[in-house]
1. Taking the simple approach of a point 7 Å from Cα along Cα-to-Cβ for both Ala41 and Arg69, what is their distance in nm?
2. May I ask you to derive the relative contact order of segment 29-92, considering only C-alpha pairs under 8 Å and at least 6 residues apart, and to give it as an integer percent?
3. Rounded, prolate or oblate: which fits segment 13-87, taking a ≥ b ≥ c as square roots of the Cα gyration tensor eigenvalues, rounded meaning a/c under 1.5, else prolate when a/b beats b/c?
Amino acid sequence: MIMPSHGKPVSTVPLASLLGGTRAQLVRVDAATGVRARLVAMGFRPGVEVRVVSRSGRGPFVVAMDTSRIVLGRGMARHILVTPLAEDRPQK
């Protein structure tokens with residue numbers, strides 16, 4: 001859980017758990033050195049905004065980042081921890 005400046009804790013979730021169309025801010029890559037280095041080289045860095053373009057059952061996971069679309073395996077997407085952006089969180 002992280003504590004933003006407004007004082008309300010926001011939990012992080014794996015990118016793989018988000019639904020299509022959800023936007024989120026990347027918090028960290030929680031993986032072994034080799035996987036982390038590969039994801040960082042692809043542009044997955046803390047603070048980057050990503051949007052889930054599509055996710056198909058157990059298949060690939062497509063995300064948009066800046067002007068790029070990146071296809072990830074679900075296993076890699078599980079290592080990317082994000083905070084869904086407020087306007088994309090379900091209202092209670």
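1. The modelled label-to-label distance comes out at 2.4 nm.
2. 26 percent
3. Rounded, since a/c falls under 1.5.
Laboratory data are not the source of any read-out in this text; all were calculated from the coordinates shown. Because the structure is predicted, anything quoted here is derived from the model rather than measured. Here Cβ is always computed from backbone atoms with ideal geometry, including for glycine, and neighbour counts include all displayed protein chains.
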